[in-house]
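Asks: My structure is below; once you've seen it, I'll send some questions.
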Amino acid sequence: MLASLLAFARPDVDYHALAPEIVLAAGLCLVLLLDLFVPDHRRWITGTVAGFVLLGAFIPVATLAVIGGDVRSLFDGRYVIDEFALALKGLFLLAGYVVVLLSSNEMEEGGYHQGEYYVLLLTSVLGMVMMASSRDLISVFVALEFLSIPAYMMAAWRKRDTKSNEAGVKYYLLGVFASAVLLYGMSLLFGLAKSTKLSEIGAAIGDGSKAAAVLGIVFVIVGFAFKVSAVPFHTWAPDTYQGAPTPVTAFLSVASKAAGFTGLVAMVYLAFPMAKDVYQPFMWVLAALTMTVGNLLALKQTNIVRMLAYSSVSQGGFILMPLAVAGTGDAAGPALKAVVVYLLIYAATNLGAFAVIIAVSRTTRSGEISSWGGLFNYAPGLAVMMTIFLASLAGIPPLGGWYAKFGAFRAVVDAGSGWGYTIAVIGAINAVVATAYYITVMREMWMKPAPDGRVSAVKVPSPVVVAIALCGIGTLLMGVLPGSVARFGDLADLTHAFGG
């Protein structure tokens, strides 16, 4: 009788640990309710509230990080709040806040439905925050769908634009296919381990020598490869990035990609840590193909958003690079640190670049790179900031991008294997190639005349100015003071992040 009563007893829930998720859930409900009662000419209030919700959710993340202490484990270790999770939750929430800043004027001036947009944005961020703590197949998959389904609709938010419709449909169809592949791989892993807990799956499949284990691992990696737009699963990215509203593109290229890598890292380090002979060659090929194909296709682009789409594909290859040696020797810790640091720096840099694109396109009304001609003559501030962001993406010191690439290269070289040295050489060649298309945009801004002789200053909305300033400061600080971002990378110590 006592056992039956205990079975129905109230579970012990750490509400402080779950506070970011609770704030986001309550916040998106509040935004939805506000949208029902706020008059049309005051719909901008929903964006303001969404921004405060994201900042409010960041407060418990900060307090949990300051308090530190033991890992907070919920639901029998299936949902974990550790330093690794907190670092990535902070990234998702701040990236979401910057996207809100970028969206405010575009949503208001475009006549789009604002309340629903911010509800979907907050829902997607909630899925990302959940992904950072998920240590179970079910919670990982639910978090992935939670962040993906709103993104499908956001990509098609300009419903009167055929390109935006195409972006949403293509993203949705390929996303559903990738989810099916991922779920099939997860079902194979569950069948082998008789458990959905990642650590128990890792112990059950061992070195992954069984055929079913190999298939499960490959299918899971393919599913996540779609989310991070790794070649050859990247075909959705260029059309979706170009057709979606630019703030949504920024969101997909940074937050959604980071969430995909978060899930992939959890699977690699927990679900199949000993199966290095299976996942490492696959990761190696994905990394080499992704950075190479992404760069070569970016060189041919004349549209700046499409160029940054292929640039995002290429950057994903550099982030995959450390995972190609994660199981070699003592490379697991440095590889994880390199991935976390790269995601943090890339988020600030890429969001800043898209913020400048939004500001400039308000005047040029064009996405062509040639329309950036003479930008320094009539908008010197924007030209300088875009130069900073592009130089950081290229990995030029002393900007943040150089430290991100340095960490990735150090991780593969320190692994001390032939595979590591080879991928380092491929990465070095691609880093040089990537500089070419970034310099093309810089040359247009600094050396070419304005295509229509314009001399009037660009009027940049205040929220976009704030977004550019935040991203610019972050990009500069993380390059000049790399210790500031290295600290967050140190949080990815395996002892804390994944239980040793």
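Asks: Could you state the angle between the C-alpha long axis of helix 19-37 and the longest principal axis of the C-alpha atoms of the chain, as a value from 0 to 90 degrees rounded to the nearest 10?
Replies: It works out to around 50 degrees.
Asks: Could you work out how far helix 400-414 tilts from the main Cα principal axis of the chain, as a 0 to 90 degree angle to the nearest 10?
Replies: Once rounded, the angle reads 40 degrees.
Asks: While we're on this one: For each pair in Lys337/Lys405; Lys89/Lys337; Lys170/Lys227; Lys89/Lys170; Lys159/Lys300, compute the distance between the two Cα atoms and list the pairs where it is over 19 Å.
Replies: Distance filter (> 19 Å) returns Lys89/Lys170; Lys159/Lys300.
Asks: Once you wrap a convex hull around the alpha carbon atoms of the chain, what is its projected area averaged over all directions, in nm²?
Replies: That works out to 23.5 nm².
Asks: Arrange Ile67, Ile473 by Cβ neighbour counts within 10 Å, fewest through most, would you? Can you show the working numbers first?
Replies: Values: Ile67 9, Ile473 12.
The most exposed by this proxy come first: Ile67, Ile473.
Asks: Moving to a separate point now. Let's see if you can work this out: charge +1 on each Lys and Arg Cβ, -1 on each Asp and Glu Cβ, no other charges. What is the dipole magnitude of the chain about its Cα centre, in debye to the nearest 20?
Replies: With only Lys, Arg, Asp and Glu charged at Cβ, the dipole is about 880 debye.
Asks: Any idea what angle helix 462-480 forms with the longest principal axis of the chain, computed on alpha-carbon atoms, 0 to 90 degrees, nearest 10?
Replies: That helix lies at roughly 60 degrees to the long axis.
Asks: Work from the charge dipole of the chain (Cβ charges, +1 for Lys and Arg, -1 for Asp and Glu, about the Cα centre) and give the residue of Ile396, Ala324, Pro380 farthest towards its positive end.
Replies: Pro380
Asks: Given points 7 Å out from each Cα along the Cα-Cβ axis, report the Ala180 to Val465 separation in nanometres with one decimal.
Replies: In this crude label model, Ala180 to Val465 measures out at 5.1 nm.
Asks: Between Asn165 and Val384, what is the label-point separation in nm under the 7 Å Cα-to-beta-carbon projection?
Replies: Output for this residue pair reads 4.5 nm.
Asks: Can you tell me the FRET efficiency between Phe406 and Val13 if r is taken as the Cβ-Cβ distance and R0 is 60 Å, rounded to the nearest 0.05?
Replies: Plugging the Cβ-Cβ distance into 1/(1 + (r/R0)^6) gives 0.90.
Asks: Explain nothing, just the number: dipole magnitude of the range 288-500 about its Cα centre with +1 on each Lys and Arg Cβ and -1 on each Asp and Glu Cβ, in debye rounded to the nearest 20.
Replies: Values: 12 positive and 7 negative charges, 121 e Å.
Charge dipole of the range 288-500: 580 debye, to the nearest 20.
Asks: 5 Å is the cut-off here: which amide hydrogens, built 1.01 Å from N in the peptide plane, fall below it relative to Asp136, excluding neighbours closer than 5 in sequence?
Replies: Placed amide hydrogens put Leu198 under 5 Å from Asp136.
Asks: Right, something else. State log₁₀ I(q)/I(0) for the range 19-129 at q = 0.11 Å⁻¹ as given by the Debye formula over alpha-carbon point scatterers of equal weight, solvent excluded.
Replies: -0.37
Asks: Return the distance in nm (one decimal) between the two label points of a simple spin-label model at Asp277 and Arg362, each offset 7 Å from Cα along Cα→Cβ.
Replies: Each label point is offset 7 Å from its Cα along the Cβ direction, giving 5.9 nm.
Asks: Let me ask something else. What ranking do 356-366, 331-341, 170-180 get when scored by the average of other Cβ atoms within 10 Å per residue, highest first?
Replies: Answer by packing, highest mean first, reads 331-341, 356-366, 170-180.
Asks: Give me the number: length gained by fully extending Ala450 to Ile45, i.e. 0.36 nm times residue separation minus the C-alpha to C-alpha distance, one decimal in nm.
Replies: Extra length from Ala450 to Ile45 when fully extended: 142.1 nm.
Asks: Could you give me D for the range 288-500, from Stokes-Einstein at 25 °C and 0.890 mPa s, where the hydrodynamic radius is the Kirkwood radius over C-alpha pairs? Units µm² s⁻¹, please.
Replies: In µm²/s, the coefficient rounds to 138.
Asks: Let me ask something additional. Give the separation of the Cα centroids, the range 52-108 to the range 303-322, in Å.
Replies: Cα centres, the range 52-108 to the range 303-322: 25 Å.
Asks: Moving to a separate point now. Which of the listed residues, Met130, Ser209, Ala85, is farthest toward the dipole's positive end in the range 77-211, when Lys, Arg count +1 and Asp, Glu count -1 at the beta-carbon?
Replies: The listed residue farthest towards the positive side: Ser209.
Asks: Given the -39500 (n - 2.57) contribution per DSSP H run of 4+ residues, what per-residue ellipticity at 222 nm results for the chain, rounded to the nearest 500 deg cm²/dmol? Can you show the working numbers first?
Replies: Details: 22 runs with 365 residues, N = 500.
Result for the chain: -24500 deg cm²/dmol, rounded to the nearest 500.
Asks: Continuing with this model, one more query. Using per-residue counts of other Cβ atoms within 10 Å, averaged over each peptide, order 293-299, 250-256, 220-226 from highest down. Each step should come with its number before you reach the end.
Replies: Numbers: 293-299: 20.4, 250-256: 26.3, 220-226: 24.1.
Highest mean packing first, the order is 250-256, 220-226, 293-299.
A short reminder: the numbers here are calculations on the coordinates, not readings from a lab. All of these numbers come straight from a predicted model, not from anything done at the bench. Glycine gets a Cβ as well: all are built from the backbone with ideal geometry, and neighbour counts include every protein chain shown.
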